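The values are calculated or read from the model by the stated rules, or taken from the named source; none is laboratory data. Since the model is a prediction, treat every value here as computed from it, not as a measurement. Here the Cβ positions follow ideal geometry from the backbone for every residue, glycine too, while neighbour counts run over all protein chains shown.
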Amino acid sequence: MYPGLKTTRTLGDFVSHQIGVISEPQITKTEISLHDKYIVVATNGLWDLIGPDELFDLINEMNVGQREMPGQIPLVIWQKIKDLRHQAEGMPINDITFVLSNLN
């Protein structure tokens with residue numbers, strides 16, 4: 001589809017800017033406590049499929065069951081996203097980017 005939306009939020013995409021696409025992200029500020037273990041930064045494509053509570057539960061289950069393999073958590077999240085995308089027939093495909101950071 002012309003002009004084609006870039007996953008970089010159209011930075012430098014002057015054609016898309018002319019038709020109303022903006023590159024300004026939605027930002028939410030959240031207080032972090034000493035008890036928080038992870039932070040997830042993600043595009044809306046992730047949040048359209050999975051809510052924060054469900055994502056927290058998934059991460060927490062993995063953290064308990066796979067302490068020796070923390071690198072597996074993003075892979076499990078990605079598999080869950082693929083499964084949810086498959087189940088959401090008719091829902092528009094949205095690019096997904098997420099970063100999971102361990103705060104410990």
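Which of (1) modelled with pLDDT of 70 or more; (2) over 18 Å from Val99 (Cα atoms); (3) part of a helix (DSSP H, G or I) does Val64 not meet, given it meets every other one? That leaves (1) as the condition not met. Only a single item in (1) within 15 Å of Thr97 (Cβ to Cβ); (2) modelled with pLDDT under 85 is not met by Glu24, and it is number (1).
When you scan the stretch 86-98, do you find a residue that is at pLDDT 85 or above and surrounded by 11 or more Cβ atoms within 10 Å (Cβ to Cβ), even just one? Yes; the residues of the stretch 86-98 include at least one that is at pLDDT 85 or above and surrounded by 11 or more Cβ atoms within 10 Å (Cβ to Cβ).
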